[in-house]
Amino acid sequence: MLGIIIAEREETGKLLQNLNTKIIEYNKIRFFFANFDNVLVVICFSGVGKANAAAAAMSMIDNFNPRVIFNIGACGSLRPNIKINDIIVVNKVGYADVDLEAFGYKKNLLPNEKMFYEANKKYVDKVMNILKDNKPVCGCIATSDSIITQTNYEHFPALTDATFLGFDMELMAIAQICYKTQTDFFAIKCVSDNLTLQKKLHLQYDESLTSLPNKIDQIVIKVIKNIFI
């Protein structure tokens, strides 16, 4: 079974209709279950933020036992070479907003956890191949519970490091749960805003929503058909 976690339903278009899903609810989380060309798929919209993402991932794993979790959705970027509508295939993810330096830990490192969690390389390579016509970039993103804007990004110095191609609000939490439960994961992020642009962040995001849902729908279907069927 393939598990798919997306933060918000608005990030998709007609995906649920195309997969002909039925609803199953656990722990107040709605899961949309489908059999697509004999591939069992379960989708949930976790809600925004790390706590929601972790709860969704844990509930999905406990109740459906997917062999892999696929996270897809929007992300922002601070890299001038990353453009709006670019596709980032994530090979690893870290935190942007963790600070335990007062207790001797490196910034963005939690006690007894990893600095980065790596996506399953087999799926990363396959996704890069099937999306090659879209010219995706492969790299690391960071996760924060804050919306990163032109006015607050300096509070998140890790994001100015070229290590991070983009940032979201869910993936690191999903990755941690997958690591603890020995579940593979991979992720694709579609860039919806870039802080190096002059246009206000919410305007960039609103404009991206004219094309982002259809793009995400197409990517999900392409991934299912080319990797799992």
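Every read-out reported here was derived from the displayed coordinates using simple, explicitly stated rules and does not represent laboratory data. The shown structure was predicted, so the numbers you read here are calculated from the model rather than taken from an experiment. Ideal geometry is used to build each Cβ from the backbone, glycine not excepted, and the neighbour counts take in all protein chains shown.
Please compute the alpha carbon radius of gyration of the chain, then divide it by the globular-protein estimate 2.2 N^0.38 Å. Two decimals is fine.
Relative to the rule-of-thumb radius for its length, the chain sits at 0.97.
Sort 149-157, 95-103, 59-67, 170-178 by packing, meaning the average of other beta carbons within 10 Å per residue, with the highest value first.
Going from most to least packed, we get 170-178, 59-67, 95-103, 149-157.
Just for the chain, what percent of DSSP beta bridges are antiparallel, to the closest 5?
Expressed as a percentage, antiparallel bridges in the chain total about 40.
Which of the pairs Lys28/Lys126; Lys122/Lys199; Lys122/Lys215; Lys22/Lys126; Lys126/Lys199; Lys22/Lys200 have their Cα atoms more than 32 Å apart in this structure?
Lys28/Lys126; Lys122/Lys199; Lys126/Lys199; Lys22/Lys200
Put +1 on the Cβ of every Lys and Arg and -1 on every Asp and Glu Cβ in the chain; which of Ala187, Gly104, Ile141 then has its Cα farthest towards the positive end of the dipole?
Positive-end residue among those listed: Ala187.
Only Lys, Arg, Asp and Glu count, each charged at its Cβ (+1, +1, -1, -1), so figure out the dipole size of the range 1-106 about its Cα centre, rounded to 20 debye.
For the range 1-106, the charge dipole is close to 160 debye.
Compute the distance in nm between two label points, each set 7 Å from the Cα along the Cα-to-Cβ direction, one at Lys106 and one at Ala51.
Between Lys106 and Ala51, the label points sit 2.8 nm apart.
Got the relative contact order for the chain handy, in percent, Cα pairs under 8 Å and 6 or more residues apart?
Across the chain, relative contact order equals 29 percent.
Nearest 500 deg cm²/dmol is fine: what mean residue ellipticity at 222 nm does the chain get from its DSSP H runs of n ≥ 4 alone, each adding -39,500 (n - 2.57), divided by its residue count?
One gets -7500 deg cm²/dmol as the mean residue ellipticity at 222 nm.
Considering only C-alpha atoms, what is the centroid distance from the range 176-202 to the range 144-170, in Å?
Rounded to whole Å, the Cα centres lie 11 Å apart.
What does the charge dipole of the chain about its Cα centre add up to, to the nearest 20 debye, if the Cβ of each Lys and Arg holds +1 and the Cβ of each Asp and Glu holds -1?
Once rounded to the nearest 20, the dipole reads 600 debye.
Using the basic label-point model (7 angstrom from Cα toward the beta carbon), what is the Lys132 to Gln150 distance in nanometres?
The modelled label-to-label distance comes out at 3.8 nm.
Going by alpha carbons, how many degrees (0 to 90, nearest 10) lie between the helix axis of 50-64 and the longest principal axis of the chain?
With both axes taken from Cα atoms, the answer is about 30 degrees.
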